[in-house]
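Before any comments, here is the structure.
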């Protein structure tokens, strides 16, 4: 198989999270099923950015509008989480100069859209996450994702200086600065190469079985995937 489109940062982070998930989404015609976790994540992202940009009072006024985007059976759970957001101790000051977040690398043929990217005293890239399970440290896939956003940013803006990389888990009141190192960049680049090798049948498709499968939009179809 020849890849005929630019890879996305999401493709690469999916590969770190689960190689089979990346394979299914890129190689098959199976349509992604929007799970309850995905719906909740989208709504919580919207709620978080309403709070950050416009304040808690505005978020409280928008709660019902946000809930209307979810099935009724999810409303009580989502309401509790949105209420938790209003009490979250995580405070983020938006960069004074936000930029268009879609970044595309000509060199690497990868595109991506970070949650927040802009300039303060130095460039800042922020990713906001709402994992289902408690976390003690950023997941490997989340770290690779934000490193790739830096790679794209550095090319698009021809920038090689210091940068702030933050991964935020608002419902768990956790914020992690990510240290940018040459090792981290090299690893992120190597993941892309492994992804391409797997998708183009140059490397074996790993077998995956994990508790994470319970929350995957492709879990129903995993057993159907057979290497052509």
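The values are calculated or read from the model by the stated rules, or taken from the named source; none is laboratory data. Note that the structure is predicted; figures quoted are calculated from it, not measured. Glycine gets a Cβ as well: all are built from the backbone with ideal geometry, and neighbour counts include every protein chain shown.
Checked against (1) farther than 23 Å from residue 174 by Cα; (2) touching a strand residue (DSSP E or B) at 6+ places or on another chain (Cβ under 6 Å), residue 108 passes all but a single condition, namely (2). Applying the criterion of at least 2 residues that are closer than 24 Å to residue 40 by Cβ and either over 20 Å from the mean Cα position of the chain (by Cα) or in contact (Cβ under 8 Å) with a residue 40 or more places away in the chain (or both) to the strands (runs of 3 or more DSSP E) found wholly in the range 63-121 leaves an empty list. If you go through the range 82-101 and keep only what is over 25 Å from residue 149 (Cβ atoms) and either buried (at least 16 other Cβ atoms within 10 Å of the Cβ) or in contact with a strand residue (DSSP E or B) (Cβ under 6 Å, 6 or more places away or on another chain) (or both), you end up with just 82.
Okay, residues lined up against (1) part of a strand (DSSP E or B); (2) more than 16 Å from the chain's Cα centre (by Cα):
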site	(1), (2)
137	no, no
145	no, no
149	no, no
167	yes, no
184	no, yes
190	no, yes
193	no, yes
197	no, yes
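Taking the conditions (1) surrounded by fewer than 17 Cβ atoms within 10 Å (Cβ to Cβ); (2) modelled with pLDDT of 95 or more in turn, residue 227 satisfies each one other than (2).
Checked against (1) surrounded by fewer than 17 Cβ atoms within 10 Å (Cβ to Cβ); (2) modelled with pLDDT of 95 or more; (3) out of contact with any helix residue (DSSP H, G or I) (no Cβ under 7 Å at 6 or more places or on another chain), residue 176 meets all criteria but (1).
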